[in-house]
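Notes for the one structure printed next.
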Amino acid sequence: MPSARTVRLLVPSIPALWTLALGLWGLSRQDSVWRDEAATWQVARRSTAEITELLGNVDVVHGLYYLLMHGLFELFGPGTAVLRLPSVVAMAVAASCVAALGHRLAGPWAGLGGGLALGLLPAVQFYLQEGRPYALVAAAAGISTLLLVTLVEGRGRAVHWVAYGGTVAVSGLLNWLSLLILPAHLVTLLGCRAGRGTGRRWTAAAVAAVACVLPLVLFSRSQSAQVSWIPPLTWHMLIGPAILLAIGGAGALLERRCPHPRPGRLSAAAVGLPLLAVPQLGLVGLSLIQPLFLDRYVLFSLLGLALLIGVAIGAAVRAVARRRPRAAPWVLPVVVAVAMAALLPQSLAKRSPSSRVDDVLAVAADVRRMKSPGDVVLFIPAARRDTALVSPDAFSGLQDIALARSPEESATLKGTEARPDRIRSAMLAHHRILLVTDAPGVARPPATARDRMKRSVLRNHFRIAADGQVRGRRVMVYERRTTAR
């Protein structure tokens, strides 16, 4: 039998290595980058001053993340591995935290089961390889929850409270909706009847964290148009959270019926169920005021689900151990193998380029193949300029005839375009135009008068000479008609 110290080391280490392996598996997604990651890519390549100026106009909620990625791009250069590795490492940290929590609250098998389960959850596998901040928020949530448990159990000192408040603040600066973890932690404190001293210290740490994030929250309200595309909350959008809550509730009930041999005031259910339920319900409540319901905003709540799954696995191991002690160690490997086999189609799908809306890099190859000397380029909508920003070499020799000020000059993500009449004149002055746009299955009707004008000029004065579609993007070569329609 391994010593207690060895178990304490192995329980968080094995899930961390497991999650790291899942993250490295198919990390490049066949050298594809989709539009959200392209935003990270192009902003991270700007200077610190340019990023700071950009945040005054757009994406201030991701400011800290962009600065972090800027530093990594400066050190290692841009690439899909550098873009996604921070998320892989962060989710490995989150898995380690879940395992440590499960071990402390429900035993080593529960810790191992919960830590391994986190990396297999479909939503986690999606954002595990995403060049966006949501995995980093999950890591911060895991660390802050582990610190809270340490403090509630009376094993922490003042420095742990400072670390707790600082971790929550950093999480909030990465995504201020992660502050929903505070009411989840409050429910845990109330459920375990923490002492008044603990309550006062938690309140002070929580207030300090909120105070650090509040300026970001208030300033980001001026950029709320960025989330105007999120649809209003509907009943079918609640099916997923309802299923998660049902699974979590079953795990909590199982722990109550099959308690850990060393029961204490703080249980895995008291930590995991609020961590799962409160952020989900809180986001639903906020979405009734303004549509904000996207699963990635509360991805960190899945740490609670993984913890409760671990509780169920731990209970299964103990049940088997009472009847067949030799078979007990095989329960977890069998459960993981069955889950891995059942989820393999989803795992493969999430590591393919088709798992995302589009592929910025693939369409750049089409541009390189289809362009000719003297051609110019046009983007509909202007946000599709991200292809040129991420792959500038593919667009060398092509004049962007609609662009008035570059994204760097205008401190925006897509640059500012000229007046419609000037764009129309520029279009009519050229014989061949390359259009970079969305594929039919992804495209939406032109949202601006400028884009409608571009479409009208192409339809009435040009004909399609070549058309290429790949992974949600489309490149079309238009040649001037001899007579207008």
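Collect the residues in segment 422-449 that are farther than 21 Å from residue 395 by Cα and touching a residue at least 60 places away in the same chain (Cβ under 8 Å), keeping them in residue-number order. The answer is 442, 446, 447, 448. When we screen 331, 357, 335, 311 for residues that are under 21 Å from residue 32 (Cα atoms), at pLDDT 90 or above and surrounded by 14 or more Cβ atoms within 10 Å (Cβ to Cβ), the only hit is 357.
Within segment 71-101, the set of residues being within 16 Å of residue 36 (Cα to Cα), open to solvent by less than 50 Å² (accessible area, probe 1.4 Å) and not charged (D, E, K, R) comprises 79, 80, 81, 82, 83, 86, 87.
Within segment 1-42, being surrounded by fewer than 16 Cβ atoms within 10 Å (Cβ to Cβ) and in contact with a Gly (Cβ under 6 Å, 6 or more places away or on another chain) holds for no residue. The single residue among 162, 152, 170 that is free of Cβ contacts under 8 Å to residues at least 60 places away in the same chain and either open to solvent by 30 Å² or more (accessible area, probe 1.4 Å) or in contact with a His (Cβ under 7 Å, 6 or more places away or on another chain) (or both) turns out to be 162. Of the residues 447, 443, 394, the single one that is surrounded by fewer than 21 Cβ atoms within 10 Å (Cβ to Cβ), touching a strand residue (DSSP E or B) at 6+ places or on another chain (Cβ under 7 Å) and not β-branched (Val, Ile, Thr) is 443. If we scan segment 454-465, do we find a residue that is out of contact with any strand residue (DSSP E or B) (no Cβ under 8 Å at 6 or more places or on another chain), part of a loop (DSSP other than H, G, I, E, B), crowded, with 18+ Cβ neighbours inside 10 Å and in contact (Cβ under 8 Å) with a residue 12 or more places away in the chain? No, because not a single residue in segment 454-465 is out of contact with any strand residue (DSSP E or B) (no Cβ under 8 Å at 6 or more places or on another chain), part of a loop (DSSP other than H, G, I, E, B), crowded, with 18+ Cβ neighbours inside 10 Å and in contact (Cβ under 8 Å) with a residue 12 or more places away in the chain. Looking across segment 397-422 at every residue that is of a type in the set (Asp, Glu) and part of a strand (DSSP E or B), the one that is nearest to residue 55 (Cα to Cα) is identified as 417. Set side by side, the residues 38, 90, 21, 16 differ, and just one is in a helix (DSSP H, G or I), of a type in the set (Gly, Ala, Ser) and free of Cβ contacts under 8 Å to residues at least 24 places away in the same chain, which is 21. Of the helices (runs of 4 or more DSSP H) that lie entirely inside segment 127-232, those containing 1 or more residues that are more than 18 Å from residue 275 (Cβ to Cβ) and not β-branched (Val, Ile, Thr) span 158-174, 196-220.
Of all residues in segment 200-209, how many are free of Cβ contacts under 8 Å to residues at least 40 places away in the same chain and either within 22 Å of the chain's Cα centre (by Cα) or surrounded by 14 or more Cβ atoms within 10 Å (Cβ to Cβ) (or both)? Selection size over segment 200-209: 0.
The values are calculated or read from the model by the stated rules, or taken from the named source; none is laboratory data. Just so you know, these numbers come straight off a predicted model, no measurement behind them. As a convention, Cβ positions derive from the backbone with ideal geometry for all residues, glycine included, and neighbour counts pool all protein chains shown. With ligands, DNA and RNA removed, areas are computed over all heavy atoms of the protein, side chains included. Shrake-Rupley method; radii C 1.70, N 1.55, O 1.52, S 1.80 Å.
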